[in-house]
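Below you'll find the structure, written out as structure tokens, and then a few comments.
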Number of protein chains: 2
Amino acid sequence: MRAQNAALTQVEQSFKDAGFPPLTWYDVLWELERGDRAGMRPFELESHLLVPQYGLSRLLDRVEKAGYVERRPCDGDGRGQVVVITKLGRQLRRRMWQVYAPALNSAVADRLTAKETATLSRLLGKLLP
Amino acid sequence: MRAQNAALTQVEQSFKDAGFPPLTWYDVLWELERGDRAGMRPFELESHLLVPQYGLSRLLDRVEKAGYVERRPCDGDGRGQVVVITKLGRQLRRRMWQVYAPALNSAVADRLTAKETATLSRLLGKLLP
DNA sequence: TATATCTACATGCAATTGCATTTAGTGGAA
DNA sequence: TTCCACTAAATGCAATTGCATGTAGATATA
């Protein structure tokens with residue numbers, strides 16, 4: 001708990017200092033950008049993130065209002081939608097990474113050797129559902 | 001992030017299932033109970049917990065209203081107060097532990113060997129401020 | 001001993017979150 | 001077809017959080 005809190009706080013703070021939105025926005029943008037087969041369904045996004053369904057719904061409200069994603073009606077499924085990252089969204093993602101990468105390094109990577117990082121990752125993996 | 005989320009979610013869920021308040025309440029009660037040299041100052045509590053000052057102030061409001069702690073005026077310092085756990089608070093802490101311990105075990109301890117636990121703890125320690 | 005500075009804690013207000021439920025649409029079985 | 005159980009997403013409302021600031025008392029400084 002303390003370690004996660006420390007690392008997360010540092011990262012979030014660095015985003016704030018740079019005038020960027022929170023980490024969750026980055027996560028959304030990154031998921032959309034990396035898969036990019038023309039967008040993702042919210043329920044699919046949800047499964048990659050750590051946000052509950054209603055949390056994602058409202059997170060998308062905000063991110064969309066800010067112009068970083070678009071919600072489009074979904075072809076095969078009338079209930080659903082497809083979330084697409086905008087050009088502006090890609091831009092923000094890239095600029096956030098400029099801040100995120102060094103923050104991650106100083107909060108995590110710089111504090112561990114490569115071997116330690118691998119071990120930590122393996123051990124934490126054992127705690128996953 | 002995922003590992004912490006998984007473990008925390010399981011623990012919180014087990015508290016909910018048992019009709020108990022959230023983990024933060026436990027943390028407060030435990031800090032008060034273990035140090036117990038007749039109570040602690042909020043700023044001191046804060047340094048042991050992962051809650052910001054205003055967060056603790058309101059957390060104490062709730063825990064106090066529920067009768068698990070008392071806020072008393074502070075002798076040497078007119079600005080401050082001393083937070084004391086009540087008998088009811090100790091009782092709750094003990095009952096919560098009955099749920100917390102097995103939840104922790106199944107979320108964490110049971111998934112790691114003793115050696116792994118020690119290693120994980122050591123590596124996470126390197127991420128602390 | 002005034003007065004400025006700092007520390008401890010609280011709080012108004014806006015934003016976010018959690019919970020339960022709603023709305024809309026799908027797919028399957030009778 | 002028609003009905004029903006199920007999935008996708010949104011939302012009303014209450015609780016919690018974050019931020020900035022307020023208040024009161026301590027401490028230091030000139």
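The values are calculated or read from the model by the stated rules, or taken from the named source; none is laboratory data. Since the structure is predicted, the reported quantities are computational estimates derived from the model, not experimental observations. Note that we place each Cβ from the backbone using ideal geometry, even for glycine, and neighbour counts take in every protein chain shown. For accessibility, only protein heavy atoms count, side chains too; no ligands or nucleic acids. Shrake-Rupley method; radii C 1.70, N 1.55, O 1.52, S 1.80 Å.
At-a-glance table
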item: Single condition B:Leu50 does not satisfy, out of (1) in contact with a Ser or Thr (Cβ under 9 Å, 6 or more places away or on another chain); (2) within 14 Å of another protein chain (Cβ to nearest Cβ); (3) away from DNA strand C (no atom under 13 Å from the Cβ); (4) open to solvent by less than 30 Å² (accessible area, probe 1.4 Å); result: (4)
item: Filter result (aliphatic (A, V, I, L, M), more than 10 Å from every other protein chain (Cβ to nearest Cβ) and in a helix (DSSP H, G or I)) within the range B:77-129; result: B:Leu88, B:Leu92, B:Met96, B:Val99, B:Ala101, B:Ala103, B:Leu104, B:Ala109, B:Ala114, B:Ala118
item: Counted residues, the range A:53-70 - those being over 17 Å from A:Tyr26 (Cβ atoms) and open to solvent by less than 60 Å² (accessible area, probe 1.4 Å); result: 1
item: Boolean, A:Ala18 is touching a residue at least 60 places away in the same chain (Cβ under 8 Å) and surrounded by 14 or more Cβ atoms within 10 Å (Cβ to Cβ); result: no
item: Where A:Arg34 falls short, out of the listed (1) at pLDDT 95 or above; (2) within 26 Å of A:Val99 (Cβ to Cβ); result: (1)
item: Matching residues, the range B:26-36, being under 16 Å from B:Glu70 (Cβ atoms) and either in contact with a His (Cβ under 6 Å, 6 or more places away or on another chain) or open to solvent by 30 Å² or more (accessible area, probe 1.4 Å) (or both); result: B:Glu31, B:Glu33, B:Gly35, B:Asp36
item: Subset of the range B:37-47 that is on the phi < 0 side of the Ramachandran plot and hydrophobic (A, V, I, L, M, F, W, C) - its residue that is most open to solvent (accessible area, probe 1.4 Å); result: B:Phe43
item: Hits in the range A:61-93 (condition: within 11 Å of DNA strand C (Cβ to nearest atom) and either hydrophobic (A, V, I, L, M, F, W, C) or touching a Pro at 6+ places or on another chain (Cβ under 9 Å) (or both)); result: A:Arg62, A:Val63, A:Ala66, A:Cys74, A:Gly80, A:Gln81
item: Tabulated pairs, the range B:82-96, first under 9 Å from B:Tyr68 (Cα atoms), second part of a strand (DSSP E or B), C-beta under 7 angstrom, 6+ apart or interchain; result: B:Val84/B:Val69; B:Val84/B:Glu70; B:Val84/B:Arg72; B:Ile85/B:Val69; B:Thr86/B:Val69; B:Thr86/B:Glu70; B:Gly89/B:Val69
item: Unmet criterion (only one of (1) under 30 Å from A:Leu127 (Cβ atoms); (2) surrounded by 14 or more Cβ atoms within 10 Å (Cβ to Cβ); (3) of a type outside the set (D, E, K, R)) for B:Cys74; result: (1)
item: In the range A:24-58, the residues that are in contact with a Leu (Cβ under 8 Å, 6 or more places away or on another chain), among the hydrophobic types (A, V, I, L, M, F, W, C), in a helix (DSSP H, G or I) and within 12 Å of DNA strand D (Cβ to nearest atom); result: A:Leu45, A:Leu56
item: Residues located in the range B:28-47, provided they are within 14 Å of another protein chain (Cβ to nearest Cβ), more than 12 Å from DNA strand C (Cβ to nearest atom) and under 17 Å from B:Gly80 (Cα atoms); result: none
item: Residue list for the range B:14-23, restricted to those being over 10 Å from B:Tyr100 (Cα atoms) and assigned to a helix (DSSP H, G or I); result: B:Lys16, B:Asp17
item: Some residue of the range A:89-101 being open to solvent by 50 Å² or more (accessible area, probe 1.4 Å) and either within 12 Å of DNA strand D (Cβ to nearest atom) or on the phi > 0 side of the Ramachandran plot (or both); result: no
